[in-house]
1. Working from the pairwise distances between different alpha carbons, so that the mean of 1/r is found and then inverted, what is the range 123-235's Kirkwood radius in Å?
2. With unit charges on the beta carbons (Lys and Arg positive, Asp and Glu negative) and the dipole taken about the Cα centre of the range 81-238, which residue among VAL88, GLY213, VAL153 sits farthest to the positive side?
3. When DSSP beta bridges are limited to those with both residues in the chain, what percentage is antiparallel, rounded to the nearest 5?
4. Given the C-alpha centroids of the range 105-119 and the range 172-226, what is the distance between them in whole angstrom?
5. Where a Cα-Cα gap under 20 Å defines reach, which lysines qualify for LYS146, not counting those fewer than 8 residues away within the same chain?
6. Report the residue, chosen from ALA196, ALA242, ALA82, that carries the largest GNM mean-square fluctuation when the chain is represented by alpha-carbon nodes joined by springs under 10 Å.
7. For the chain, modelled as a GNM with alpha-carbon contacts under 10 angstrom, which of GLY144, GLY83, GLY99 fluctuates the most?
8. Stretch ALA211-GLU63 to full length: gain in nm at 0.36 nm per residue minus the Cα-Cα span?
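Where a number appears in this text, it was derived from the coordinates with a stated rule and is not lab data. A quick note: this is a predicted structure, and the numbers were derived from the prediction, not measured. We place every Cβ from the backbone using ideal geometry, glycine too, and count neighbours over all the protein chains shown.
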Amino acid sequence: MKVAKTISDFRRLRGELAAPAGFVPTMGFLHDGHLSLVRRARAECASVVVSVFVNPSQFAPNEDLADYPRDLDRDLTLLEEAGTDLVVTPPTESVYPEGYDTWVTVERLTERLEGGDRPTHFRGVATIVAKLFNLVRPERAYFGQKDAQQALVVRRLIRDLNYDIDLVVCPTVREPDGLAMSSRNAYLSPEERAAATVLHRSLQRVETLYADGERDADRMRNAMRELLAAEPLARPAYVSVADIEDLTELDTVDRKALVSLAVRIGRTRLIDNVVLPPGEEIA
Ligand code: AMP
């Protein structure tokens, strides 16, 4: 495994990689969710590129950029074990040099859910993903369903900007009790960690309702709100049952839907989602 710590080193090493190249963008502090993407890329591609870059432009000023967990040495060990060929960890000032002024915005799809709660988030995401696609020039890119709206935004970015890249969206990897793996889980105290299972429990409740024939989206959203209200440490930001194409809220689940929620547990903001009907792919 090679590690490029500058963009120019990366450009030189990128030339040595066999096609097709699979690319996994990450912000590091890796867990099994990230590694499932790397392993899938390893199984499907001749070479595997991973970026480890905590992207400041997707954090608002009041968010957790300064605290975001980092452990590059551990990440590199895990990436090597998972079969990565080339890692790029560019310094922030080379990605966003003094006077940086160019932004990529995906409209509409980014106005709701995560974008409604974090208005500048997806401008940062779309910009870094476009910049990394230009640098890495992969044939395939691997993203997690955990960040479902992000995957939909990337799908739109690929289509609208004519990137010749196949998007692969991989299933959410969970802890044994259902909590979706996330680098931010490291912030949780033991009490908060126990409370955090309420996200998955709420989604499971909706899946059960759906399996029992419920199609009324309001009743589904209310079922999630009820479970969240019963968890004293949980402060919901939103619950949603939305059309998976444009993320508008549904009245009736008569087509493919994204059921998602964002919840603050203490100072930690967690998200999770499932697709209805169960087992359907997101993108
Ligand atoms: P991040 O480091 O949080 O930016 O995540 C990097 C990539 O890993 C994104 O495509 C995420 O959707 C994906 N990812 C994060 N957590 C999980 C998880 N629990 N299961 C599957 N993919 C995940």
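1. Numbers: mean 1/r = 0.0603 Å⁻¹.
Its Kirkwood hydrodynamic radius stands at 16.6 Å.
2. GLY213
3. Numbers: 21 of 40 bridges.
The antiparallel fraction comes to roughly 50 percent.
4. 22 Å
5. Within reach: LYS256.
6. Most flexible of the set in this elastic network: ALA82.
7. GLY99
8. Working: separation 148, 0.36 × 148 = 53.28 nm, distance 3.75 nm.
Between ALA211 and GLU63, full extension yields an extra 49.5 nm.
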